[in-house]
1. What is the calculated FRET efficiency for ARG410 to ASP215, with r their C-beta to C-beta distance and R₀ = 22 Å, to the nearest 0.05?
2. With every protein chain left in place, what is the accessible area per residue of the chain in square angstrom, probe 1.4 Å?
3. Within 14 Å, Cβ to Cβ, of ARG94, how many net charges do the neighbouring residues add up to if Lys/Arg are +1 and Asp/Glu are -1?
4. How many percent of DSSP beta bridges within the chain run antiparallel, rounded to 5?
5. Taking R0 as 25 Å, what's the FRET efficiency between VAL75 and ALA396 from their Cβ-Cβ distance, rounded to 0.05?
6. Measuring from centroid to centroid over Cα atoms, what is the spacing of the stretch 53-69 and the stretch 140-167 in Å?
7. 222 nm [θ] for the chain, helices only, -39500 (n - 2.57) per DSSP H run of 4+, per residue, to 500?
8. Where Lys and Arg each count +1 and Asp and Glu each count -1, what net charge lies around ALA255 among other residues with Cβ under 11 Å from its Cβ?
Amino acid sequence: MGDLVREVDVAVVGGGPGGYTAAFRCAELGLETVVVDAAGRLGGACLWEGCIPSKALLHVAAVLGLAAEAREFGVDFGEPQVALDTLRKWKAERVVGRLARGLASLARARGVEVVAGRAVFEDARTLRVEGDDLRRLRFRHAVVATGAAPVPLAELVPEAAALAGSERVLDAAAALELPEIPERLLVVGVDYIGVELAEIYAALGSRVTLAMTADALLPGVDRDLLQPLVRHCERRFEGLRVGVELERLREVGGAVEARFGGTTAEFDRVVVAAGRRPASAGLGLEATRARVDAAGAVVVDARCRTDDPHVYAVGDVTGEPMLAHRAMRQGVVAAEALAGRPLAFDNVAIPAVVFTDPEVAWCGLGEEEAGRRGRPVRVATVAWAASGRAATRGRADGLTKLVADPESGRLLGVGIVGPGAAELIGEAALALEAALTAEDLAATIHAHPTLAESLMEAAARLAR
Ligand SMILES: Cc1cc2nc3c(=O)[nH]c(=O)nc-3n(C[C@H](O)[C@H](O)[C@H](O)COP(=O)(O)OP(=O)(O)OC[C@H]3O[C@@H](n4cnc5c(N)ncnc54)[C@H](O)[C@@H]3O)c2cc1C
């Protein structure tokens, strides 16, 4: 190890959404900032193997779905042909590549340097950077933004060691590379990532069986929101099994034999999306005063401070909810906090979206969660069957649900299922964050005909 030491105001470890947002804000606040990233680039899991590639492929799935629906109103494009090479190239260059170039130029414009290497804390003011010319960084503050790593297959399936290196068993990142469109695909999932991957491959032509190890298709999501998605999955997939255990997975000849929930079947490929856990191991955090909890999440307060006054942490490494937009907000909070400004992560609504068809989106308190907590609430549900916009789009299978405080009428939670829910939830998050009442939302004129009117209508029911 050489003696080259660089002094900076802020060293950000990890260049994902949490890390680059923190770094950009630090630089805007006049702090000399360096990002150390093991992959040597900005974007993290979100850009390279998560949100962006999956949403690009889900867009393709939606286009294929729309083309099929168009037959109903007399437009027939014929059988779609998917050119996999073109699709891969479009995803890699026009989507991921373009955004990556954008991030790199934003970093240059702000004077944020990106250093390739794996960073390890030597003490609470020094990082050792392994794998690059720059050997050590002395910092006034560090922001840990190392994200999360996939739970290894071995933790979900016994005997998984025998499958190490098998081309037929893929994790989420490998599946998003689209190595091929297998005829028979098993997707084993624990959360929305499995459902989204199943949706992509089913649209591209695989006969998909989705086996969820959780006891609901989307654990913790309101049942009213789930029903339209469950119906869609039952139609779309060859098999849908929820609450099953993956008992065995082994290669047999040119296939993978899987045993789950008492069923044995053969598949050409298996995608295992076994969840993600905070990537805090091997970082040398024990050389600082920062603490990790039993799940490996770095413990932070509302200002993203760890127990070490020099070390902040943001994003997936701080635990659930592991979402890019939460990581980005934490990034801003950490930058402002370490610069001595009074910002805190005091948001009341962190929206969550599953980009399937129909999309499912929610934020704040759900009706079932309110019941579990014994919190009295008023609820209004508007089915999209009466929505003019839903009818014009040929899709009336959506639903908008509001949860409000019975005394004050203050909105506490919103759930939406239907095509376009991902965009609609933005208004809901704003309403919750601004502490609006059902009356406020009901009195806001919404353009007609739009799906957003369903929010106004549900609010009007609550306000009556
Ligand atoms: C398939 C999939 C789909 C997803 N879809 C969505 C979605 O639609 N919406 C959403 O909000 N979220 C989604 N997510 C989750 C989202 O990707 C994460 O919440 C987000 O990337 C977290 O950002 P982060 O900055 O905390 O960490 P990451 O994006 O994981 O970035 C961490 C970075 O740290 C680097 N690193 C790790 N250790 C070190 C080290 N010791 N030294 C230097 N660098 C290091 C890594 O190279 C990486 O670049 C998805 C995830 C997956 C896997």
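1. Details: r = 32 Å, r/R0 = 1.45.
Taking R0 as 22 Å, the efficiency between ARG410 and ASP215 is 0.10.
2. Details: 20740 Å² over 464 residues.
Accessible area per residue: 45 Å².
3. Values: positive: LYS55, ARG88, LYS89, LYS91, ARG98, ARG101; negative: ASP85, GLU93.
Result for the neighbourhood of ARG94: +4.
4. Working: 45 of 81 bridges.
Taking every DSSP beta bridge within the chain, about 55 percent pair in antiparallel fashion.
5. Working: r = 19 Å, r/R0 = 0.76.
My answer for the efficiency is 0.85.
6. Taking the Cα centre of the stretch 140-167 as reference, the centre of the stretch 53-69 is 29 Å away.
7. Details: 14 runs with 144 residues, N = 464.
Theoretical 222 nm ellipticity from helices: -9000 deg cm²/dmol.
8. Details: positive: ARG168, ARG184, ARG250, ARG269; negative: GLU183, GLU251, GLU257, GLU266, ASP268.
So the environment of ALA255 carries a net charge of -1.
The values are calculated or read from the model by the stated rules, or taken from the named source; none is laboratory data. No experiment lies behind these values; they were computed from the predicted model shown. Backbone-built Cβ (ideal geometry, glycine too); neighbour counts: all protein chains shown. What goes into the accessible areas is simple: the full protein's heavy atoms, side chains included, and nothing from ligands, DNA or RNA. Shrake-Rupley method; radii C 1.70, N 1.55, O 1.52, S 1.80 Å.
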